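Structure first, then comments.
The values are calculated or read from the model by the stated rules, or taken from the named source; none is laboratory data. Here the structure is a predicted model, which means the values were calculated and not measured. No Cβ is skipped: glycine too gets one built from the backbone with ideal geometry, and neighbour counts run over all protein chains shown.
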Amino acid sequence: MSYLLDTHAWLWWLFDDRRLSRRARAVLKDPEHRILVSSASAWEIATKHRLGRLGAAAPLVHDFSGWVSKAGFSELAIHSEHAITAGAWAVEHRDPFDRMLAAQSRIERIALITRDPAFEDFAIETLW
């Protein structure tokens, strides 16, 4: 089974943060699961790092794909279908990163691993 990581879940996995749920941690550790990290997360991390909100993320900004690979995960690129869906979705949610992750989850038919209740508005499958 495949899963897509929300950016906070990706960061919490990398930094072994206790806020990552047991259920999410179990899914991420299971080698039978294909774990995807969106290019949107690279964009979000780079943006927040530039703004001084993610100081510890410098290594990720410099080698995002390498970190994804080291974790044994795969990167999910943003395609035009994802972008059109994210931009056109009639959901009142202003965060472009969340909109993209929701669109990718819907189009790729994979659950999003997230703690963020805002994704309920998108009617996608989530796991926490």
Mind checking which residues of the range 34-66 are surrounded by fewer than 12 Cβ atoms within 10 Å (Cβ to Cβ) and of a type in the set (A, V, I, L, M)? Leu51, Ala56, Ala58
Residue, surrounded by the fewest Cβ atoms within 10 Å (Cβ to Cβ), within the range 67-94, restricted to residues that are among the charged types (D, E, K, R) and either modelled with pLDDT of 95 or more or in contact with a His (Cβ under 6 Å, 6 or more places away or on another chain) (or both): Lys70
Filter the helices (runs of 4 or more DSSP H) completely within the range 23-103 down to those with at least 1 residues that are touching a residue at least 60 places away in the same chain (Cβ under 8 Å). 39-50
Test: His62 is at negative phi and in contact with a Gly (Cβ under 8 Å, 6 or more places away or on another chain): no
Which of the residues spanning the range 1-22 are outside any helix (DSSP H, G or I), closer than 15 Å to Arg115 by Cβ and either of a type in the set (D, E, K, R) or in contact with a Gly (Cβ under 8 Å, 6 or more places away or on another chain) (or both)? Asp6, Asp17, Arg18, Arg19
